[in-house]
Amino acid sequence: MLTRRPLIAGNWKMNFDHLRAVAFVQKIAWTLKDAKFAPTEVEVSVFPPFTDIRSVQTLIESDSLGFAFGAQDLSPFDDGAHTGDVSGEFLAKLNCRYVIIGHSERRQNHHEDDELITAKTKAALRHGLVPVICVGETSDDLDKFGASAVPVGQLRAVLAEIPADSEIVVAYEPVWAIGSGQAATPAQAQDVCAALRSVIAESLSPETADSTRILYGGSVKSGNIASFMREKDVDGALVGGASLDAEEFAKIVQFPRHVIA
Ligand code: PGA
């Protein structure tokens, strides 16, 4: 069994212009440095709005901060008459490593369905970006079908169309837990993440299932991250609100100091 390097991902959503973004990334770096925490055992990635990415890239690369960065969305197309869309090719040129795909806010507010999310995932892979594929159930789904049926179905739809050795990250984000302050229990997160890993094994391959990071997202904070990271199939977190506070985010990144094996 491979060891999966934990990934703590900060999804900034539509917050911070490029000037604040630079100051903010600097603050995370200083906070971790002061705490003498080198981001080697944990991979740290930020997901700024499109207009910030170039500035964040320049800072991270010129100061060798060791953070990864990515975008919050991309076009399923590579170029052409798609007003307002951003191509994976452009993101790859900015050295983005990741791109979030199928976040529940895009599924809801932009009516993104499994077909579009699959096309976006293929576009990411075409350009060497690692898609962070988000899946999760609403509270209605939870009542009707339990926790894992909807996220399992969403993931299966995407994985049916991509190569078996694709590098992906999966984020399990119960919609009712996002921004609500009411996180899933670690046991529930573990159950769903284990079910998602089985889908990867069946749809792609057992090797890919072993090496793929599966994140939990939804009201993650410094106070609960350790309890999620103790679960065997949870390999990191996709953090929204708490990723906008540099000290809080730096505490989340330092979770290994609080996880008792
Ligand atoms: P939250 O958001 O941490 O604010 O709940 C998570 C997300 O939407 O990715």
| Would you call Gly136 out of contact with any Lys or Arg (no Cβ under 6 Å at 6 or more places or on another chain) and at pLDDT below 95? | no
Picked from region 1-22 (must be free of Cβ contacts under 8 Å to residues at least 60 places away in the same chain and touching a helix residue (DSSP H, G or I) at 6+ places or on another chain (Cβ under 9 Å)), the residue farthest from Gly240 (Cα to Cα) is Leu19
Check your understanding: Does Ala177 satisfy the condition of being within 16 Å of the chain's Cα centre (by Cα), within 16 Å of the ligand (Cβ to nearest atom) and buried (at least 21 other Cβ atoms within 10 Å of the Cβ)?
Key -> yes
Checklist entry - For region 161-172, does any single residue satisfy the condition of being within 11 Å of the ligand (Cβ to nearest atom), under 18 Å from the mean Cα position of the chain (by Cα) and either crowded, with 19+ Cβ neighbours inside 10 Å or not in a loop (DSSP other than H, G, I, E, B) (or both)? => result yes
Residue pairs qualifying under the 7 Å Cβ cut-off, at least six apart or on distinct chains, with the first in region 120-134 being at negative phi and buried (at least 23 other Cβ atoms within 10 Å of the Cβ) and the second being among the hydroxyl-bearing types (Ser, Thr, Tyr) and in a helix (DSSP H, G or I), are Pro131/Thr121; Ile133/Thr121; Cys134/Ser104
Per the filter on region 35-58, residues within 21 Å of the chain's Cα centre (by Cα), open to solvent by 10 Å² or more (accessible area, probe 1.4 Å) and of a type in the set (A, V, I, L, M, F, W, C) are Ala38, Phe50
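The values are calculated or read from the model by the stated rules, or taken from the named source; none is laboratory data. Model, not experiment: these values are computed from the prediction. Reconstructed Cβ throughout: ideal geometry from the backbone, glycine too, with neighbour counts over all protein chains shown. SASA here: full protein model, heavy atoms, side chains in, ligands and nucleic acids out. Shrake-Rupley method; radii C 1.70, N 1.55, O 1.52, S 1.80 Å.
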